[in-house]
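> If you scroll down you'll find the structure; I have some questions about it.
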Amino acid sequence: MGIDPAGQVIVITGSSSGIGAAAAHRLAARGATVCLLARRADELAAVAEAIRGSGGDAHAYPVDLTDDAAARDVVGRVLAEHGRIDVLVNNAARSIRRPITASLDRLHDHERVMAINYFAAVRLISLVLPSMLEQGRGHVTISSTLSTQVPIPLFSAYLASKSALESYLRSLSAELGHRGITTTVVHFPMVRTEMSGGTEIYRAMRMMGPDEASRWIERAVVSRPSRVTSAFGVAGETSMALLPGVVTRATAPFFRRMDRNLARRAAAGDVHE
Ligand SMILES: NC(=O)c1ccc[n+]([C@@H]2O[C@H](COP(=O)([O-])OP(=O)(O)OC[C@H]3O[C@@H](n4cnc5c(N)ncnc54)[C@H](OP(=O)(O)O)[C@@H]3O)[C@@H](O)[C@H]2O)c1
């Protein structure tokens with residue numbers, strides 16, 4: 001059940017690779033018109049071409065979403081060329097894995113991550129919202145992470161940016177739900193993409209593939225729940241709501257041990273590609 005993606009105009013950011021590209025394929029296969037936004041023009045064109053080759057309707061819009069003028073221009077072009085935007089999938093992001101003690105003179109890590117993960121997403125939502133309000137409906141999805149639900153170390157800049165966007169989305173839903181604006185936060189677990197591939201030891205971790213992850217986006221677009229999550233994520237969130245200090249202290253040694261085990265297995269070539 002839910003809302004049929006067929007005929008919907010769906011903007012997917014970060015669709016030149018990984019989860020965004022897989023989601024574009026999946027939603028186009030269900031009859032949506034997908035508008036693909038990311039910086040790498042060649043990769044974006046290849047994704048659009050592959051979708052069109054399978055009979056789908058895909059359009060590539062190369063853009064750096066941290067550039068205000070470029071973002072304005074691209075939203076204007078999408079609206080002019082397709083008449084409306086029914087769904088906005090905010091999926092473009094970057095991640096940094098670095099201990100806080102190694103980041104003390106690296107405020108730019110936080111600024112760079114916030115620029116794309118938070119400010120660019122809020123900018124895009126702000127640009128698309130007027131047309132959604134005018135048409136009396138619209139759905140906004142964000143790609144977030146299981147790690148905002150549990151106290152994961154080493155990703156302070158990344159997780160702060162994702163938590164900020166989740167809070168923004170909650171406000172959006174509370175303020176504009178009655179005017180037809182629906183929202184979904186997708187709490188992905190680890191997914192095998194270029195992003196997770198940036199960390200060598202994660203080669204030894206079992207992960208979800210991008211195709212499976214794209215089903216989570218599909219669920220967000222079709223069923224429009226306030227969140228798409230896992231049982232582990234719900235358990236993490238609940239235990240953090242009840243006993244944040246205890247849970248954080250109890251899990252920290254586990255995460256340190258997990259990283260040591262992954263490093264040992266990756267060095268021994270025990271990897272999952
Ligand atoms: N992989 C995981 O384990 C995991 C887990 C939880 C959540 N997530 C989330 O899932 C989403 C997709 O990530 P992924 O794993 O599929 O990684 P990915 O393949 O690296 O995708 C990131 C996308 O963001 C785009 N992007 C980055 N900076 C941009 C900018 N300034 N302007 C426009 N586009 C930009 C990239 O395209 P260009 O480089 O072409 O611009 C790329 O298409 C992200 O929001 C990520 O935080 C991933």
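The values are calculated or read from the model by the stated rules, or taken from the named source; none is laboratory data. These figures come from a predicted structure and were not determined experimentally. So basically every Cβ, Gly included, is an ideal-geometry build from the backbone, and we count neighbours across all protein chains shown. For the accessible areas, the whole protein counts, side chains as well, though only heavy atoms, and no ligand, DNA or RNA atoms are used. Shrake-Rupley method; radii C 1.70, N 1.55, O 1.52, S 1.80 Å.
> Go through (1) over 23 Å from S17 (Cβ atoms); (2) open to solvent by less than 30 Å² (accessible area, probe 1.4 Å); (3) away from the ligand (no atom under 16 Å from the Cβ); (4) of a type in the set (A, V, I, L, M) one by one and return the number of the condition I85 breaks.
I85 satisfies every listed condition except (1).
> Hey, can you tell me all the residues within the stretch 253-269 that are open to solvent by 70 Å² or more (accessible area, probe 1.4 Å) and not basic (K, R)?
Passing the criteria: F254, A267, A268.
> Looking at the stretch 241-252, is at least one residue open to solvent by 40 Å² or more (accessible area, probe 1.4 Å) and under 20 Å from the mean Cα position of the chain (by Cα)?
no
> Let me ask another. Return the pair list, or none, for Cβ contacts closer than 7 Å from residues in the stretch 113-129 that are over 12 Å from D64 (Cα atoms) and among the aromatic types (F, W, Y) to residues that are at pLDDT 95 or above and more than 10 Å from the ligand (Cβ to nearest atom), at least 6 apart or on different chains.
Final answer for the pair search is Y118/A164.
> A further question follows. Residue by residue through the stretch 1-37, note down the ones that are in contact with a Phe, Trp or Tyr (Cβ under 9 Å, 6 or more places away or on another chain) and either open to solvent by 10 Å² or more (accessible area, probe 1.4 Å) or free of Cβ contacts under 8 Å to residues at least 24 places away in the same chain (or both).
Passing the criteria: only I19.
> What are the residues in the stretch 196-229 that are farther than 25 Å from G138 by Cα and hydroxyl-bearing (S, T, Y), if any?
Those that are farther than 25 Å from G138 by Cα and hydroxyl-bearing (S, T, Y): S196, T199, Y202.
> For the stretch 76-90, does any single residue satisfy the condition of being touching a residue at least 24 places away in the same chain (Cβ under 8 Å) and closer than 22 Å to S196 by Cα?
Yes, some residue in the stretch 76-90 is touching a residue at least 24 places away in the same chain (Cβ under 8 Å) and closer than 22 Å to S196 by Cα.
> Does L129 count as away from the ligand (no atom under 15 Å from the Cβ) and either within 22 Å of G18 (Cα to Cα) or assigned to a helix (DSSP H, G or I) (or both)?
Spelling it out, L129 is indeed away from the ligand (no atom under 15 Å from the Cβ) and either within 22 Å of G18 (Cα to Cα) or assigned to a helix (DSSP H, G or I) (or both).
> While we're here: Using the structure shown, decide if V34 is touching a Leu at 6+ places or on another chain (Cβ under 9 Å), under 20 Å from M132 (Cα atoms) and within 13 Å of the ligand (Cβ to nearest atom).
It is false that V34 is touching a Leu at 6+ places or on another chain (Cβ under 9 Å), under 20 Å from M132 (Cα atoms) and within 13 Å of the ligand (Cβ to nearest atom).
> Which condition number in (1) more than 8 Å from the ligand (Cβ to nearest atom); (2) open to solvent by 40 Å² or more (accessible area, probe 1.4 Å); (3) not in a loop (DSSP other than H, G, I, E, B) is the one that E43 fails?
Going through the list (1) more than 8 Å from the ligand (Cβ to nearest atom); (2) open to solvent by 40 Å² or more (accessible area, probe 1.4 Å); (3) not in a loop (DSSP other than H, G, I, E, B), E43 breaks only (1).
> If you don't mind, another one. Which of the following residues is open to solvent by 40 Å² or more (accessible area, probe 1.4 Å), among the basic types (K, R), within 22 Å of I12 (Cα to Cα) and away from the ligand (no atom under 14 Å from the Cβ): R106, R112, R77?
Matching residue, one of R106, R112, R77: R77.
> Return yes or no: is G56 under 24 Å from E218 (Cβ atoms) and more than 15 Å from the ligand (Cβ to nearest atom)?
The answer is yes for G56.
> Name every residue in the stretch 163-213 that is part of a loop (DSSP other than H, G, I, E, B), aliphatic (A, V, I, L, M) and in contact (Cβ under 8 Å) with a residue 60 or more places away in the chain, in order of residue number.
Within the stretch 163-213, M205, M207 qualify.
> Would you be able to tell me the number of residues in the stretch 55-69 that are surrounded by fewer than 19 Cβ atoms within 10 Å (Cβ to Cβ) and either outside any loop (DSSP other than H, G, I, E, B) or within 18 Å of the chain's Cα centre (by Cα) (or both)?
6
> If we keep just the residues of the stretch 197-219 that are at pLDDT 95 or above and open to solvent by less than 10 Å² (accessible area, probe 1.4 Å), which is nearest to the ligand (Cβ to nearest atom)?
The extreme case among them is A213.
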